[in-house]
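Taking it in order: structure first as structure tokens, then the write-up.
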Amino acid sequence: MQTWRVVATALFGAAGLILVLVAMAQARDRRGATHGHVVRVGLIALLVVVLVGALILTVLPSTVAWALVAACGIAVVTLTLAN
């Protein structure tokens, strides 16, 4: 396993977990959202993060992997500084 893949996956996973929490908070803030709806949104978002992380760890080329890491990082910074 190449070191850059492990580093990229770890960075994507950390930023992805923050985005999962943001998605769950936005689902909770929606009018009429139930606990089950928030949990469903969280599980779907977590599944997407895990699948993309697995792709980064195994098959994606370095340019695509680092672009996904950068996009996820930019999304986290934008969403946390927007408030």
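The values are calculated or read from the model by the stated rules, or taken from the named source; none is laboratory data. Please read all numbers here as calculations on a predicted model, not as lab measurements. Backbone-built Cβ (ideal geometry, glycine too); neighbour counts: all protein chains shown.
Residues in the range 69-83 that are of a type outside the set (A, V, I, L, M) and in contact with a helix residue (DSSP H, G or I) (Cβ under 7 Å, 6 or more places away or on another chain) were compared, and the one that is surrounded by the fewest Cβ atoms within 10 Å (Cβ to Cβ) is 73. The set of residues from the range 51-68 being surrounded by 12 or more Cβ atoms within 10 Å (Cβ to Cβ) and within 22 Å of residue 26 (Cβ to Cβ) comprises 52, 53, 68.
Conditions tested, residue by residue: (1) at pLDDT 95 or above; (2) more than 19 Å from residue 74 (Cα to Cα).
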{"position": "7", "(1), (2)": "yes, no"}
{"position": "11", "(1), (2)": "yes, no"}
{"position": "16", "(1), (2)": "yes, no"}
{"position": "22", "(1), (2)": "no, no"}
{"position": "25", "(1), (2)": "no, no"}
{"position": "29", "(1), (2)": "no, yes"}
{"position": "43", "(1), (2)": "yes, yes"}
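One residue stands out in the range 1-22 among those that are in a helix (DSSP H, G or I) and among the polar types (S, T, N, Q): the one that is nearest to residue 44 (Cα to Cα), namely 9.
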